[in-house]
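Notes follow once the structure below has been shown.
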Amino acid sequence: MTGKSISMAVGMISSLAIGLMIAILLQGQLAVSTILSVLISLLAAWFISQPFGSLAMIEALAASLMGSMMGAMLGEMLPSKHTTLVMISMDVIYLFSVSSILAFIGKEAAVKADPPILNRSQPYFFVLRIVIPFLLIAIATFLDQNHTDTKQDIDPHAHHHMGSE
């Protein structure tokens with residue numbers, strides 16, 4: 001049951017992110033972006049769920065099919081000025097989901113260990129799973145915002161007026 005849940009959750013969030021990224025890259029080509037995201041997501045779900053057995057694989061494949069189509073539709077419907085916001089939101093959701101699953105796996109492994117491992121806090125895992133990825137997202141957002149702020153609209157007729165000023 002744990003493997004099935006993990007496969008489904010990781011397959012869904014991964015395929016949603018894959019579908020969104022492909023659709024943003026191939027804006028205006030919904031059919032192509034949907035087919036590509038479904039194929040890539042099915043491959044990713046197969047790799048994710050393989051260690052957990054055939055039932056987990058079926059669950060992950062079905063979740064990835066749904067997630068990849070939803071991601072492709074979302075990416076197609078987004079106005080270009082909102083792509084950065086949605087990509088950052090998707091990164092945050094992905095990181096939260098994966099870190100929650102990793103924490104769950106750690107707790108399950110600690111309980112099933114012989115002898116059981118005491119629940120002790122390891123702050124460096126928190127830093128590796130949460131803080132560093134969020135800092136990377138913040139830096140990328142800051143750099144992207146600075147990049148778009150420094151862009152100047154170029155008037156194609158402006159070169160004619162430069163000599164007279």
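The values are calculated or read from the model by the stated rules, or taken from the named source; none is laboratory data. Values in this document were obtained by computation on a predicted structure and should not be read as measured data. Neighbour counts are summed over all protein chains in view; Cβ atoms, including those assigned to glycine, are modelled from backbone coordinates with ideal geometry. All accessible areas refer to the heavy atoms of the entire protein, side chains included, with ligands and DNA or RNA removed. Shrake-Rupley method; radii C 1.70, N 1.55, O 1.52, S 1.80 Å.
Looking across region 75-107, the residues that are touching a residue at least 40 places away in the same chain (Cβ under 8 Å) and open to solvent by 60 Å² or more (accessible area, probe 1.4 Å) come down to Ser80, Asp91, Ile93, Tyr94, Phe104, Ile105. Candidates are the residues of region 47-57 that are in a helix (DSSP H, G or I) and loosely packed, with under 15 Cβ neighbours inside 10 Å; the one that is nearest to the chain's Cα centre (by Cα) is Phe47. Taken together, Ala9, Ala44, Ala72, Ala17 contain a single residue that is touching a Gly at 6+ places or on another chain (Cβ under 6 Å) and open to solvent by less than 60 Å² (accessible area, probe 1.4 Å), which is Ala72.
With respect to being in contact (Cβ under 8 Å) with a residue 60 or more places away in the chain, open to solvent by less than 50 Å² (accessible area, probe 1.4 Å) and assigned to a helix (DSSP H, G or I), Val38 falls outside the description. Filtering region 26-35 to residues that are open to solvent by 50 Å² or more (accessible area, probe 1.4 Å), in a helix (DSSP H, G or I) and touching a residue at least 24 places away in the same chain (Cβ under 8 Å) leaves only Leu30.
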